[in-house]
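A short worksheet on the structure shown next.
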Amino acid sequence: MTAGIASVALRPGADLDGFRAAARGLIADHVPPRDVVWSDEGEAGLFGVPHSACEPRPLMLPKGAAQLIATVVCHRDPERHALLYGLIWRLVHGEKDLLEIACDPLVHRLQRMAKSIHRDLHKMHAYVRFRRLDTAQGARYVAWFEPDHWIVAATARFFVDRFRGMDWAILTPRGSLHWDKETLSLGPPATRAEAAPSDDFEKRWLDYYESIFNPARLNPHVMRGHMAVKYWKNLPEAAAIPRLIREAPSRVQQMIDRESQMPVKRNPDKAVAAMTDQGPASLDALNRQILESDPPEPFSPRAVLGEGPVGAAVALVGEQPGDQEDLAGRPFVGPAGQLLDAALEEAGISRRDVYITNAVKNFKFKLVGKRRIHQTPTAGEIKHHRWWLQRELEFVRPRVVVALGASATQAVAGKAMPVLKNRGPTDAFGVWPGVITVHPSSLLRTPDPAAQAAAFRAFVDDLRQARELVQRA
């Protein structure tokens, strides 16, 4: 038994490697939690850290403990290291089932801290907004965010995977991330003044936000409770809300007065038959035909193709590209896409492993001034594009198809099916086992925070059912 008090100094922030090394040494020297003083100020204490006579071995901890430790280390609570070492001490001294005792005060506190970290990670994934800076080396995108905890490094993989083709930086008071399309580096804390000013992309984002703002479901009181006020000052759309509220009555009347319009349609079956008796021989050939198509107004002339691996276990089908997707040329890159990414992650599904596409390949919109307002495709327009989707799925060969929303469900099933009535696993998709669920954009339109959280959990459960279908297929 080591006599005296052990003082352990770790690097500020989430020093997981330093904590692991210190914990192994302390356990090897049989130092109880009451005899350890932890600090993350980067300076050693008066008594120093004990050193084992031999190289400490890795700790053999129960399943789940390592992940809990890696998560809670990111918490801002200065007691986190002491709490985690107390957990490790008890686990290796006979309480191997400790994590299964949810009512244990230590376990309960650590689990609550872990949930706080997960919420903070989700907020950072959802609310980071990049702004463009033109430099001598080209375009660089800079974002400012204020996390509650030391999560900056923990979010790095998400943003690298999500924005691999961009040169970007995310600045926060707790550190920064820098990506140059090849290398990721962690930087020091930053200030709001170092972030970029507004840009043209932000103006387009505001146009998109205004286009999806639903005046018929306006509830200002609930909107104020929908998102913590601390995030408002860094979100450009917050400045547009007062004007949208003022304009809501007139926009509702426009929605009531608007009549459905059916554009002139062409039959893709006949177009393909004219080119070849058997249709396209590959997904690439099909995509070329889609890109060469000439959609009528009010559709954007640019088709947004599906993306993901051929042979993916799961194919996700949405309604149509939105404004941001049309500009980027990729499906699900806007707010609904960010929410979808978060739900996939929660469900244990990697976006890189799924195929994502849309029932309608072109953005349907109405031009109001300089803004492109999203228009829902009609049943005839969905049928018009269905041939492309069916061939696409035949080439991808997914084991499970997930329809996101009513338009996607109608496109895959070939008939209208109310989403809420038919939600969950379905055999209505022909050769493909399927799951019917809501479109993630519907969650963004849910004004009540509790209702939105419940809707998100239900959406994640639907995606988990798709994963279970894959395992049984």
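The values are calculated or read from the model by the stated rules, or taken from the named source; none is laboratory data. Since the structure is predicted, the reported quantities are computational estimates derived from the model, not experimental observations. Cβ placement follows ideal geometry from the backbone for every residue including glycine, while neighbour counts extend to all protein chains displayed. Each accessible area value is taken on the protein alone, full model and side chains, heavy atoms only, with ligands, DNA and RNA left out. Shrake-Rupley method; radii C 1.70, N 1.55, O 1.52, S 1.80 Å.
Return the residues of the range 97-140 that are aromatic (F, W, Y) and free of Cβ contacts under 8 Å to residues at least 12 places away in the same chain; say none if nothing qualifies.
Our first condition is that a residue be aromatic (F, W, Y); within the range 97-140, this holds for 127, 130.
Answer for the range 97-140, where residues must be aromatic (F, W, Y) and free of Cβ contacts under 8 Å to residues at least 12 places away in the same chain: there is none.
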Qualifying positions in the range 302-328 - under 21 Å from D284 (Cβ atoms) and in contact with a Ser or Thr (Cβ under 9 Å, 6 or more places away or on another chain): A303, V304, L305, G306, E307, G308, A315, L316, V317, P321
Write out, first by first residue and then by second, each pair whose Cβ atoms fall under 9 Å of each other, whose residues are 6+ apart or on separate chains, and whose first residue, in the range 151-172, is free of Cβ contacts under 8 Å to residues at least 60 places away in the same chain and more than 11 Å from L121 (Cα to Cα) while the second is open to solvent by less than 40 Å² (accessible area, probe 1.4 Å) and among the hydroxyl-bearing types (S, T, Y). A169/S176; I170/T155; I170/S176
Complete set of residues in the range 74-100 that are more than 17 Å from P32 (Cα to Cα) and within 31 Å of the chain's Cα centre (by Cα): C74, H75, R76, D77, P78, L99, E100
Restricting the range 334-370 to residues that are open to solvent by 50 Å² or more (accessible area, probe 1.4 Å) and in a helix (DSSP H, G or I), the residue that is farthest from V310 (Cα to Cα): E346
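If you scan the range 78-129, which residues turn out to be assigned to a loop (DSSP other than H, G, I, E, B) and either on the phi > 0 side of the Ramachandran plot or open to solvent by 30 Å² or more (accessible area, probe 1.4 Å) (or both)?
Here is the first cut: in the range 78-129, the ones assigned to a loop (DSSP other than H, G, I, E, B) are 78-79, 93-97, 101-104, 128-129.
Residues satisfying the conditions are P78, E79, H93, G94, E95, K96, D97, I101, A102, C103, R129.
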For the range 279-297: of the residues being open to solvent by 40 Å² or more (accessible area, probe 1.4 Å) and small (G, A, S), which is farthest from the chain's Cα centre (by Cα)? A281
Here is a list: K415, K421. Which entry is open to solvent by 40 Å² or more (accessible area, probe 1.4 Å), within 30 Å of P301 (Cβ to Cβ) and modelled with pLDDT of 90 or more? K415
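Results for (1) farther than 21 Å from L244 by Cβ; (2) at pLDDT 70 or above; (3) hydroxyl-bearing (S, T, Y), shown as yes or no for each residue.
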{"residue": "A139", "(1), (2), (3)": "yes, yes, no"}
{"residue": "A143", "(1), (2), (3)": "yes, yes, no"}
{"residue": "P147", "(1), (2), (3)": "yes, yes, no"}
{"residue": "F159", "(1), (2), (3)": "yes, yes, no"}
{"residue": "S185", "(1), (2), (3)": "yes, yes, yes"}
{"residue": "R192", "(1), (2), (3)": "yes, yes, no"}
{"residue": "S198", "(1), (2), (3)": "no, no, yes"}
{"residue": "D207", "(1), (2), (3)": "no, no, no"}
{"residue": "R224", "(1), (2), (3)": "no, no, no"}
Would you mind stating whether R164 is among the charged types (D, E, K, R), surrounded by 18 or more Cβ atoms within 10 Å (Cβ to Cβ), under 18 Å from V333 (Cβ atoms) and modelled with pLDDT under 90? no
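Listed here are the residues, each with its yes/no results for (1) crowded, with 17+ Cβ neighbours inside 10 Å; (2) at pLDDT 95 or above; (3) acidic (D, E); (4) part of a helix (DSSP H, G or I).
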| residue | (1), (2), (3), (4) |
| --- | --- |
| I373 | yes, no, no, no |
| W388 | yes, no, no, yes |
| E394 | no, no, yes, yes |
| V401 | yes, yes, no, no |
| Q410 | yes, yes, no, yes |
| G430 | no, no, no, no |
| I436 | yes, yes, no, no |
| A453 | no, no, no, yes |
Search the range 28-44 for residues being modelled with pLDDT of 90 or more and buried (at least 19 other Cβ atoms within 10 Å of the Cβ), and hand back the single one that is nearest to the chain's Cα centre (by Cα). W38
